[in-house]
1. Could you pull out the residue among SER84, SER130 that is over 16 Å from LEU199 (Cβ atoms), modelled with pLDDT under 90 and among the polar types (S, T, N, Q)?
2. Kindly provide the set of residues from region 47-95 that are surrounded by 18 or more Cβ atoms within 10 Å (Cβ to Cβ) and hydroxyl-bearing (Ser, Thr, Tyr), ordered by number.
3. SER140 versus (1) farther than 17 Å from ALA50 by Cβ; (2) within 22 Å of the chain's Cα centre (by Cα); (3) modelled with pLDDT under 90: which is the lone unmet condition?
4. Tally time: how many residues in region 76-92 are without any contact (Cβ under 8 Å) to a residue 24 or more places away in the chain and assigned to a helix (DSSP H, G or I)?
5. Show the residue pairs that are 6+ apart or on different chains and have beta-carbon atoms under 7 Å apart, the first residue being within region 168-179 and over 16 Å from TRP67 (Cβ atoms), the second being part of a strand (DSSP E or B).
6. Out of ALA30, ALA51, ALA44, I need the residue that is modelled with pLDDT of 90 or more, of a type outside the set (S, T, N, Q) and more than 29 Å from THR170 (Cβ to Cβ). Which one?
7. What number goes with the only condition from (1) closer than 17 Å to PRO150 by Cβ; (2) among the small types (Gly, Ala, Ser); (3) modelled with pLDDT of 95 or more that ALA95 does not pass?
8. Among the residues of region 103-127, write down those that are assigned to a loop (DSSP other than H, G, I, E, B) and closer than 22 Å to ARG60 by Cα.
Amino acid sequence: MRRSRRFGDAGQAFPIYLTVVGGLLFLAFAYLAVGQAAANRNGAQTAADAAALAAAQDRRDQLTGAWVEEILDPTKWQAIFGGSAEGLDDSCWRAQELAAQNDAAVRGCVPNGLLGYTVEVETTDTVGDSIVPGTENMKSQETATAVIDPRCAFDPLTEDASEDTLPLLTCKGGTEWELDPEDPVELLPQPEDLFDVHLAD
């Protein structure tokens with residue numbers, strides 16, 4: 001009688017064991033689905049960050065080019081360092097390139113004032129199959145903003161200043177650029193010397 005009771009207890013425990021194992025498996029697959037979704041979102045954020053930075057860097061390079069063109073006219077420097085110059089092209093094409101390199105597509109790209117870009121991207125890959133219905137077609141969307149900060153300042157020339165004089169450009173870190181009007185393009189600062197590009201906080 002005792003032996004049959006033990007067998008009976010074992011028989012009753014088996015369904016409980018199956019239920020517990022099934023529950024653990026369900027939880028494991030649920031955590032896997034959450035991990036897949038998180039990885040997809042992280043990929044989208046990486047793509048958005050890279051795209052926004054690329055657009056802002058292209059605008060920075062264009063502003064630097066505009067400054068070089070107007071280097072002999074210091075009256076235009078302040079506007080250029082503020083993000084305003086003639087003939088600037090839209091930089092969203094760079095955002096599209098970088099998004100594609102990170103398996104995403106640009107859904108929106110707009111200037112953020114004169115010195116920045118805000119970019120929204122969507123992943124080309126889906127979250128994938130999981131126990132959560134609908135994830136096989138779910139894509140992630142994220143947004144990022146990159147801004148451009150001028151690194152240099154200068155004192156406007158006074159009215160009695162010589163025409164053969166250009167303002168002294170003083171940049172962060174104490175770097176000074178004394179430009180020669182006779183040969184102003186020699187040893188010019190690079191775009192990264194003139195502007196910082198970073199993601200907005």
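The values are calculated or read from the model by the stated rules, or taken from the named source; none is laboratory data. Predicted model only: the values in this text are computed from it and were never measured. As a convention, Cβ positions derive from the backbone with ideal geometry for all residues, glycine included, and neighbour counts pool all protein chains shown.
1. Among SER84, SER130, only SER130 is over 16 Å from LEU199 (Cβ atoms), modelled with pLDDT under 90 and among the polar types (S, T, N, Q).
2. THR64, SER91
3. (1)
4. Number satisfying all stated conditions: 3.
5. Within 7 Å, the pairs are GLU176/LEU169; GLU176/THR170.
6. Checking each option against the conditions leaves just ALA51.
7. (1)
8. Correct list: ASN112, GLY113, LEU114, LEU115.
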